[in-house]
Amino acid sequence: GVVAFETFESDFNTVLSVWSGTDHPLTEITCNDDWEDSRGDVTDRSYVDFTATAGTNYFIKVEGIDGEEGVVVLHARQPTTVAVDPIEEEIIPSDFSVSIYPNPVRARGSIEVGLPAAGSVQIELFDVLGRRVAEILSRDVDAGMQNFNFDTHSYPAGVYVIKITTKTSSIARAFTVIK
């Protein structure tokens, strides 16, 4: 079946590749440096997916661009189920989803929201005591994968919660701010 790997929460610019074989040189199956979201925005995140064959050994390689180093966070995932809107030819997720990266956040973070339908979206930031610190967004948003950036320069180090609310759903995700 199809297998996906990503380094979305790593704290440096990664290159992610998948290799197979029993003898050197191994065969590269797939490779990705920067990931392009559904709006065409390019990020430092790496994502690959491929069709895996039972009984085959696969090797995952994560490198930093220009020798960058840091904390690698590698996730294996089932690829997100999506539907294609034939009018817009845009990828529309079948479920409401949220991811925050990088985590921990040093100065600027990104929130990726998968919206199965267009509508009003509110994104709020709360401190660990539940006090609302900021409203990041409150407006109508198109269906699809949407990316919103936020700045943490003025917030002290600690744990925060992002709450994303639509007309039909609400999701909260914790993240850490470091200085």
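The figures follow:
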quantity: Residue match in the range 98-107 (condition: surrounded by 14 or more Cβ atoms within 10 Å (Cβ to Cβ), part of a strand (DSSP E or B) and either at pLDDT 90 or above or out of contact with any Lys or Arg (no Cβ under 8 Å at 6 or more places or on another chain) (or both)); calculated: yes
quantity: So Ile171, is it modelled with pLDDT of 90 or more and assigned to a strand (DSSP E or B); calculated: no
quantity: Test: residue in the range 128-138 that is surrounded by 12 or more Cβ atoms within 10 Å (Cβ to Cβ) and not in a strand (DSSP E or B); calculated: no
quantity: Qualifying residue in the range 40-52 (condition: at pLDDT below 75, within 30 Å of Ser20 (Cβ to Cβ), surrounded by 13 or more Cβ atoms within 10 Å (Cβ to Cβ) and of a type outside the set (S, T, N, Q)); calculated: yes
quantity: Complete set of residues in the range 151-171 that are surrounded by fewer than 18 Cβ atoms within 10 Å (Cβ to Cβ), among the hydrophobic types (A, V, I, L, M, F, W, C) and in contact (Cβ under 8 Å) with a residue 24 or more places away in the chain; calculated: Val159, Val161, Ile171
quantity: Which numbered condition Cys31 fails, given (1) closer than 30 Å to Ile111 by Cβ; (2) exposed (fewer than 15 other Cβ atoms within 10 Å of the Cβ); (3) at pLDDT below 85; calculated: (3)
quantity: Test result for Val72, assigned to a loop (DSSP other than H, G, I, E, B), surrounded by 15 or more Cβ atoms within 10 Å (Cβ to Cβ), at pLDDT 75 or above and out of contact with any Pro (no Cβ under 7 Å at 6 or more places or on another chain); calculated: yes
quantity: Cross-chain or 6+ apart pairs with Cβ under 7 Å, the range 94-105 first and closer than 14 Å to Val161 by Cα, then of a type in the set (A, V, I, L, M) and crowded, with 17+ Cβ neighbours inside 10 Å; calculated: Val98/Ile111; Val98/Val113; Val98/Ile164; Ile100/Ile111; Ile100/Ile162; Pro104/Val177; Val105/Val177
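The values are calculated or read from the model by the stated rules, or taken from the named source; none is laboratory data. In this text, all values refer to a predicted model and were calculated from it rather than measured experimentally. Here the Cβ is made from the backbone with ideal geometry for all residues, glycine too, and neighbour counts use every protein chain on show.
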